[in-house]
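*Asks:* Would you mind keeping the following structure in view while I ask a few things?
The values are calculated or read from the model by the stated rules, or taken from the named source; none is laboratory data. Worth saying up front: this structure is predicted, and the values here are computed from it rather than measured. Virtual Cβ from ideal backbone geometry, glycine too; neighbours counted across all protein chains shown.
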Amino acid sequence: MGECARESTDRSTLAKMESIKQQLMAALSNANIHKMVVCGYGASQMESLLKPVIHTLQRDKSFHVIVQVTVGRNPDLRRIKQQIDGKLSGTNTTAPTILFILLDLYGNLDLRALGISTSIDRKLILTSGTAQVLSNMNIQTIFST
């Protein structure tokens, strides 16, 4: 009986993750949505959720550049900015569409200090264990378990 319960939970989790993937793809293609949060998953589940989304976006050339950086519990803004700048180097950052993905946030983050602005051609996905920790970041859409 334990196996059946776990299998049912696994199927339920997978179904929820698939639903969130579809909703996330729809939000990324919506010109009115620029900032979104995916929360409620652990690191490995978050990777399982985002990896196929990123693959699809790259395959479809939905964004010219996808910048993914892990923030962590004690964010070092200088290190994060250097990683972002490194991933943007060699690209014309005024023309292409850019998707920023900041992983594993534990609190609000000064996006301006990181050089991140959002608009119709610049979108942002934040990931966190809970959306409440990002309460002052003007998030438009929250995807949660």
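*Asks:* Looking at V67, is it more than 23 Å from L14 (Cβ to Cβ), among the β-branched types (V, I, T), in contact with a helix residue (DSSP H, G or I) (Cβ under 6 Å, 6 or more places away or on another chain) and modelled with pLDDT of 90 or more?
*Replies:* Against the criterion (more than 23 Å from L14 (Cβ to Cβ), among the β-branched types (V, I, T), in contact with a helix residue (DSSP H, G or I) (Cβ under 6 Å, 6 or more places away or on another chain) and modelled with pLDDT of 90 or more), V67 qualifies.
*Asks:* Among the residues of the range 129-143, is any under 18 Å from A31 (Cβ atoms), within 13 Å of the chain's Cα centre (by Cα) and without any contact (Cβ under 8 Å) to a residue 60 or more places away in the chain?
*Replies:* No, every residue in the range 129-143 fails to be under 18 Å from A31 (Cβ atoms), within 13 Å of the chain's Cα centre (by Cα) and without any contact (Cβ under 8 Å) to a residue 60 or more places away in the chain.
*Asks:* Now a separate question. Got at least one residue in the range 85-99 being modelled with pLDDT under 85, within 18 Å of A27 (Cβ to Cβ) and within 13 Å of the chain's Cα centre (by Cα)?
*Replies:* no
*Asks:* Please go through (1) part of a loop (DSSP other than H, G, I, E, B); (2) in contact (Cβ under 8 Å) with a residue 24 or more places away in the chain for D85 and return the number of the only condition it doesn't satisfy.
*Replies:* (1)
*Asks:* Take the conditions buried (at least 17 other Cβ atoms within 10 Å of the Cβ), polar (S, T, N, Q) and not in a loop (DSSP other than H, G, I, E, B) and apply them to T56. Does it pass?
*Replies:* Against the criterion (buried (at least 17 other Cβ atoms within 10 Å of the Cβ), polar (S, T, N, Q) and not in a loop (DSSP other than H, G, I, E, B)), T56 does not qualify.
*Asks:* Specify the residue that is surrounded by the fewest Cβ atoms within 10 Å (Cβ to Cβ); the eligible residues are those in the range 100-121 that are at pLDDT 90 or above and β-branched (V, I, T).
*Replies:* I101
*Asks:* Okay, moving on. Please verify whether L124 is at pLDDT 90 or above, out of contact with any Pro (no Cβ under 9 Å at 6 or more places or on another chain) and assigned to a loop (DSSP other than H, G, I, E, B), treating the condition exactly as stated.
*Replies:* For L124, the condition - at pLDDT 90 or above, out of contact with any Pro (no Cβ under 9 Å at 6 or more places or on another chain) and assigned to a loop (DSSP other than H, G, I, E, B) - is not met.
*Asks:* Taking Q23 and the conditions (1) outside any helix (DSSP H, G or I); (2) within 20 Å of S144 (Cα to Cα); (3) modelled with pLDDT of 90 or more, which numbered condition does it fall short on, given that it satisfies the others?
*Replies:* Q23 satisfies every listed condition except (1).
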